[in-house]
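Here, each number is a calculation from the coordinates, and none is a lab measurement. All figures in this text were calculated on a predicted structure; none of them were measured in a lab. Glycine gets a Cβ as well: all are built from the backbone with ideal geometry, and neighbour counts include every protein chain shown.
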Amino acid sequence: MMYILQADVDNTWLAPYAYTIVLLGFGFFLFRVFENWYASNFNKPLFRHFFVYKKISAAQVTILENEFYFYTLLSAKHKRQFKHRIATFIASKEFVGRDGLVITERMKTLIAAVGCMLSFGRKNYEYSLIKYVLIYPEEFYSEANQAYHKGEFNPRQKALVFSWKDFEFGYRINDDNLNLGIHEFMHAMQLEARKSRDIDATRFSKQFQNILKRLTHQEVKDKLDETRYFRAYAFTNQYEFMAVLAEYFIESPTDFKDHFPQLYDHTQKLLNFRFAGY
């Protein structure tokens, strides 16, 4: 019987690569620890973007310039980030017209713009719980609770649903504190904060609890009763209150801050809204 002897394989050349991989992994771990510490202590993400490279069409830019006031308030740098986020949002969602409604680029752009505006201070801005955006011409019948709605977020179907007539009314008048898009996107953001453990969700949950605690203070209760500042629907439950609060924060920040400065501060930290004059 013949035995074939094989020479020992020298793998020592792999050692530097193995050390590099270990060091990179440890460095990434330390970075994540620091990132979480920073977000916890400063109430904002360490950074919001790695890269900004996606673009939208010239026609979509014109829509933003002519119809979306928030976009005109942004710096050149923030405009690039905003357009990148709109392109990302549109590419990751399926837009579906209902009751014969034909989806247009204008519809996609404006809906994406409202969602990206609300999440603009976040690192995680893509609304992972939303897969479909369903658009009806006007109020629609919801099987969820057998009633007519102007908008809703259906987490089971991963669907955000709008009446286009009411969505348009909401963003066109930008200082009446009635914005259907902001309201429904906030509901999606709330549920995401409950399901996720990322730095945005942690900050959201922390400031949400601060807002609820603030509402238990007698002086705040008295002022709410005295001024009737927030519309009655806000007091349906804590989630509707937060959705309405977001509408007031975005559409009339100066007035909101004058009436309830601490609630404004908590909302600003919750959204990390530190641009466009906020």
Alpha-carbon centroids, the range 48-75 and the range 193-251: separation in whole Å: 29
Distance from the range 83-100 to the range 124-138 (C-alpha centre basis), Å: 7
Ranking of Y229, Y132 by count of other Cβ atoms within 10 Å, fewest first: Y132, Y229
Over 23 Å between alpha carbons, listed pairs K131/K195; K93/K269; K55/K131; K108/K269; K221/K257; K123/K221: K93/K269; K108/K269; K123/K221
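When DSSP beta bridges are limited to those with both residues in the range 58-271, what percentage is antiparallel, rounded to the nearest 5? Don't skip to the end; give the middle numbers.
Values: 7 of 16 bridges.
The answer is about 45 percent antiparallel.
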Label-point separation, T254 to S75 (7 Å along Cα→Cβ), nm: 2.2
Förster radius 41 Å - calculated FRET efficiency between E67 and Y141, Cβ distance, rounded to 0.05: 0.90
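Multiply the residue gap between L101 and K213 by 0.36 nm, knock off their C-alpha separation, and tell me the result in nm, one decimal place. Let's see the in-between values first.
Details: separation 112, 0.36 × 112 = 40.32 nm, distance 4.35 nm.
Working it through step by step, the gained length comes to 36.0 nm.
So what is the relative contact order of the range 58-271, in percent, for Cα pairs below 8 Å that sit 6 or more residues apart? Working shown, then result.
Details: 274 pairs, mean separation 36.0, N = 214.
Relative contact order comes out at 17 percent.
Provide T216, T88 in ascending order of the number of other Cβ atoms located within 10 Å of each residue's Cβ, fewest first.
Values: T216 8, T88 15.
Listed from fewest to most nearby Cβ atoms, that is T216, T88.
Find out how many positive minus negative residues lie around E251, taking Lys and Arg as positive, Asp and Glu as negative, among other residues whose Cβ is under 10 Å from that of E251. Please report the intermediate quantities before stating the final value.
Numbers: positive: none; negative: D175, D176, E247, D255.
The answer is -4.
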Length-normalised contact order of the range 120-159 in % [C-alpha pairs under 8 Å, at least 6 apart]: 42
